[in-house]
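Since the structure comes first, as structure tokens, the remarks are kept for the end.
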Amino acid sequence: MGSFRLPLLLLTLIIVIVNSGCSSRCRAIAFSPAKKLHMRDEVRSMFYHAYDNYMAHAFPHDELKPLTNNFTDSLSELGNLNLQFLPQNYNGSALSLIESLSTLLVLGNFIEFQRGVMWLSENLTFDVDARVNLFECNIRVLGGLISAHILASENKSWFRNISYNDRLLHLARDLGQRFLPAFETPTGLPYAWINLKHGVMENETTETSTSGCGSLILEMGALSRLTSDSRFEGAALRALRKLWNMRSSLDLLGTTLNVLTGEWIEYSSGIGAGVDSFYEYLLKAYILFGSDEYWDMFHSAYLAVQKYFRHGPWYHEADMRSGKATYWQLTSLQAFWPGLQTLVGDVAAANLSHREFFYVWKKYGVLPERYLLEHATLHPTERYYPLRPELAESTYYLYQATKDPWYLEVGESIVASLNSHTKVDGGFASVRDVSTMQLEDHQHSFFLSETCKYLYLLYDDSFVAGRNFVFTTEGHPLPVRSLWHERLPEAYITSNRTSFKTSRVSPLSSQVCPEMIRGAKVESACHVPDLRVNHQCTSDAECGIDSTSCRKRTCSIAGYCGLWRFVH
Ligand code: DMJ
């Protein structure tokens, strides 16, 4: 186990710690409550403009073509146009509806959520001769269904006269079972593509990406916990372990690999395309399932990223074998990284790189897919912006952690750009080229599941207030449940100050989300409060023991107790 450990803060912890420090650091700018409400309403209008147009012109197909009021069945096309595999009467999988369900709840629209759940449970079928990308189908469809199922079953009263009866979970289980043949390889690494009806197709490509086979554990793990069928979590975990065993001696992984031989194809990698959510899922799996194995992997992987990819606030790519820099490029997908760093408590580093991403956003009006760091210019071909959420996502996390109104201003700027450059009568269109702002006829479903959701939560977080959620890489909330946590080793219990101890629930989980343990007031087995209630301190001696991770808190340069073990 490494020297610093995830605070298991789940944001609320950071909020408490850092919020009180804001007044001394924050600029003297005011973002009034009225302005916050105004921004919230702006984002709400954006979401409904996108959603209503989808429902009017594309549903039940997958995604909206906002320039022509048309549709695309993108789930079967993702990453690769494979229309030849679609049956004649294929009507899509209502992808954008599935992706919208949790955002509808974030916006407080229970009625539309309920309508969506009922429609899906009566009409959606996965028994179709369609070849889909396993990763995309997992994060968008399986994740969307599982998240909505949990939210629906926690609020059965919404379904007035109709009984919910785990309708979405039945669909999720069916889909999960259709994924399983993909994992039947000598390595356990799954094929990137699977036919929902027929399994792995003849002559299927054996190439996949690190994120493609290494970020399945949240959805498949949750599915196993919900169905008591361990096959889903087992398959995803086996693949993840295999992938981790393929790391270099520097703890780096490549970007693409062969699922049959377990050999790397592309040795260069970074934190962007093809790898991004692999890192994200190690940390989030630890938060959701509480197993040290995930933390150990994340910890080593995170240190390696900081050591070999980071150059000041920027992240370049490097060869996994030598650690030598390969491509000096910023990519739009990398912008999720400051959010992940915030989640782990590395807020200062997060703030630093977030500012650079925002600088590039401001330079072009939106974030280009690829930006050449050495020449401070656009990549010759990858100049598009497909309404990606990553910068908004990181802005949301950083605001939650710091309550610095600067992030509300960043959000305002993102909203203004989206409205002025991408809003059209028929929805929101992707940008084909950020240098000309020429548009493309595609409204990706993640605009509904992520971009709008994170922007809304930036101005109104009542959906998450007082609760602990992990957001999947597609922005679908999964509640952190103590029952899904595994027991912490005794070694972490540093003090017996309080009464609660049981062999079933770890002090970690009992303290992460005590509100989840219905009816029972549970205290941490290790918690030692900071000397002062406002967490201010002059030395480490005035800081206590963190209630969630049972780690000793230390005094920051700014004079606040916290788990301030920054990675160098
Ligand atoms: C989303 O589908 C997910 O966030 C995924 O992990 C990669 N990025 C896209 C949106 O940009």
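The values are calculated or read from the model by the stated rules, or taken from the named source; none is laboratory data. Small disclaimer: the values here were computed from a predicted structure and weren't measured. Because the Cβ atoms are built from the backbone with ideal geometry, glycine has one as well, and the counts that use them run over all protein chains shown.
If the condition is being within 22 Å of Gly323 (Cβ to Cβ) and of a type in the set (Phe, Trp, Tyr), then region 258-297 contributes Trp264, Tyr267, Phe278, Tyr279.
For every residue, the table says whether it meets (1) within 19 Å of Ala235 (Cα to Cα); (2) among the aliphatic types (A, V, I, L, M).
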| residue | (1), (2) |
| --- | --- |
| Gly144 | no, no |
| Ala148 | no, yes |
| Ile162 | no, yes |
| Asp174 | yes, no |
| Pro181 | yes, no |
| Pro190 | yes, no |
| Trp193 | yes, no |
| Gly214 | yes, no |
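Filter region 432-470 down to residues that are of a type in the set (Gly, Ala, Ser) and within 15 Å of the ligand (Cβ to nearest atom) and give me whichever is farthest from the chain's Cα centre (by Cα).
As a first pass, look at region 432-470 and keep what is of a type in the set (Gly, Ala, Ser): 435, 445, 449, 462, 465-466.
Then keep just the ones that are within 15 Å of the ligand (Cβ to nearest atom); that gives 445, 449.
On the way: Ser445: 15, Ser449: 11 Å.
Ranking the qualifying residues of region 432-470, first place goes to Ser445.
Of all residues in region 134-150, those satisfying the criterion of being hydrophobic (A, V, I, L, M, F, W, C) and surrounded by fewer than 24 Cβ atoms within 10 Å (Cβ to Cβ) are Leu134, Phe135, Ile150.
One residue alone among Leu81, Leu101, Leu105 is more than 16 Å from the ligand (Cβ to nearest atom), modelled with pLDDT of 95 or more and either touching a helix residue (DSSP H, G or I) at 6+ places or on another chain (Cβ under 8 Å) or outside any strand (DSSP E or B) (or both), and that residue is Leu105. What do you reckon, is Ser353 outside any helix (DSSP H, G or I), away from the ligand (no atom under 16 Å from the Cβ) and either farther than 28 Å from Pro380 by Cα or among the small types (Gly, Ala, Ser) (or both)? No: the conditions fail for Ser353.
Considering region 312-328 alone, what residues qualify as being hydrophobic (A, V, I, L, M, F, W, C) and surrounded by fewer than 20 Cβ atoms within 10 Å (Cβ to Cβ)? Reasoning before the result, please.
Here is the first cut: in region 312-328, the ones hydrophobic (A, V, I, L, M, F, W, C) are 314, 318, 320, 325, 328.
Hits for region 312-328 are Trp314, Ala325, Trp328.
Every condition in (1) away from the ligand (no atom under 16 Å from the Cβ); (2) more than 21 Å from the chain's Cα centre (by Cα); (3) within 29 Å of His442 (Cβ to Cβ) is met by Ala318 except one, and the failing one is (3).
Only residues that are free of Cβ contacts under 8 Å to residues at least 60 places away in the same chain and under 20 Å from the mean Cα position of the chain (by Cα) were counted across region 411-431, and they come to 1. When we screen Leu288, Leu303, Leu330 for residues that are in a strand (DSSP E or B), within 21 Å of the chain's Cα centre (by Cα) and at negative phi, the only hit is Leu330.
Hey, does region 272-283 have a residue that's away from the ligand (no atom under 16 Å from the Cβ) and more than 21 Å from His354 (Cβ to Cβ)? No; the residues of region 272-283 include none that is away from the ligand (no atom under 16 Å from the Cβ) and more than 21 Å from His354 (Cβ to Cβ).
Step by step: first the residues of region 413-429, then only those that are among the polar types (S, T, N, Q) and within 18 Å of Val360 (Cβ to Cβ), then the one that is surrounded by the fewest Cβ atoms within 10 Å (Cβ to Cβ). Which residue is that?
The first filter runs over region 413-429 and keeps only residues among the polar types (S, T, N, Q), leaving 413, 417, 419-420, 422.
From what's left, within 18 Å of Val360 (Cβ to Cβ): 413, 417, 420, 422.
Working: Ser413: 16, Ser417: 19, Ser420: 11, Thr422: 26.
Filtering region 413-429 for residues that are among the polar types (S, T, N, Q) and within 18 Å of Val360 (Cβ to Cβ), the one surrounded by the fewest Cβ atoms within 10 Å (Cβ to Cβ) comes out as Ser420.
If only residues of region 356-373 that are away from the ligand (no atom under 16 Å from the Cβ), without any contact (Cβ under 8 Å) to a residue 60 or more places away in the chain and touching a helix residue (DSSP H, G or I) at 6+ places or on another chain (Cβ under 8 Å) are counted, the one that is nearest to Glu393 (Cα to Cα) is Phe358. In the set (1) under 18 Å from the mean Cα position of the chain (by Cα); (2) more than 15 Å from the ligand (Cβ to nearest atom); (3) closer than 26 Å to Arg321 by Cβ, the condition left unmet by Thr185 is number (1).
For region 404-412, the criterion of being within 14 Å of the ligand (Cβ to nearest atom), closer than 20 Å to Pro477 by Cβ and crowded, with 19+ Cβ neighbours inside 10 Å is met by no residue.
Filter region 288-311 down to residues that are aliphatic (A, V, I, L, M) and closer than 19 Å to Ala349 by Cβ and give me whichever is surrounded by the most Cβ atoms within 10 Å (Cβ to Cβ). Even if it seems obvious, please write down each step before you answer.
The initial filter retains those residues of region 288-311 that are aliphatic (A, V, I, L, M), namely 288, 297, 301, 303-305.
If we keep only those that are closer than 19 Å to Ala349 by Cβ too, we end up with 301, 303-305.
Working: Ala301: 20, Leu303: 16, Ala304: 20, Val305: 23.
Only one residue tops the list, namely Val305.
With respect to being of a type outside the set (Phe, Trp, Tyr) and within 16 Å of the ligand (Cβ to nearest atom), Leu333 fits the description. Restricting Gly339, Gly290 to those that are touching a Ser or Thr at 6+ places or on another chain (Cβ under 9 Å), within 16 Å of the ligand (Cβ to nearest atom) and closer than 30 Å to Ile150 by Cβ reduces the list to Gly339. Among residues of region 471-486 that are within 16 Å of the ligand (Cβ to nearest atom), those with a Cβ under 6 angstrom from a residue that is among the hydrophobic types (A, V, I, L, M, F, W, C), sequence gap 6+ or separate chain, pair up as Thr472/Leu218; Thr473/Ile139; Glu474/Ile139; Pro477/Phe469; Pro477/Phe471; Leu478/Ala222; Leu478/Val470. Of all the listed residues (Ala318, Ala239, Ala285, Ala235), the sole one being over 30 Å from Arg173 (Cα atoms), aliphatic (A, V, I, L, M), touching a residue at least 40 places away in the same chain (Cβ under 8 Å) and in contact with a helix residue (DSSP H, G or I) (Cβ under 6 Å, 6 or more places away or on another chain) is Ala318.
Residue check: is Ser20 modelled with pLDDT under 90, more than 30 Å from Leu303 (Cα to Cα) and surrounded by fewer than 20 Cβ atoms within 10 Å (Cβ to Cβ)?
Working: modelled with pLDDT under 90: yes; more than 30 Å from Leu303 (Cα to Cα): no; surrounded by fewer than 20 Cβ atoms within 10 Å (Cβ to Cβ): yes.
Spelling it out, it is not the case that Ser20 is modelled with pLDDT under 90, more than 30 Å from Leu303 (Cα to Cα) and surrounded by fewer than 20 Cβ atoms within 10 Å (Cβ to Cβ).
Of all residues in region 374-397, none satisfies the criterion of being more than 16 Å from the ligand (Cβ to nearest atom) and touching a residue at least 60 places away in the same chain (Cβ under 8 Å). Does region 494-505 include one or more residues that are at pLDDT 65 or above, surrounded by fewer than 18 Cβ atoms within 10 Å (Cβ to Cβ) and either within 16 Å of the ligand (Cβ to nearest atom) or not in a helix (DSSP H, G or I) (or both)? Taking every residue of region 494-505 in turn, none turns out to be at pLDDT 65 or above, surrounded by fewer than 18 Cβ atoms within 10 Å (Cβ to Cβ) and either within 16 Å of the ligand (Cβ to nearest atom) or not in a helix (DSSP H, G or I) (or both). If you go through region 232-282 and keep only what is on the phi > 0 side of the Ramachandran plot and not small (Gly, Ala, Ser), you end up with just Asp251.
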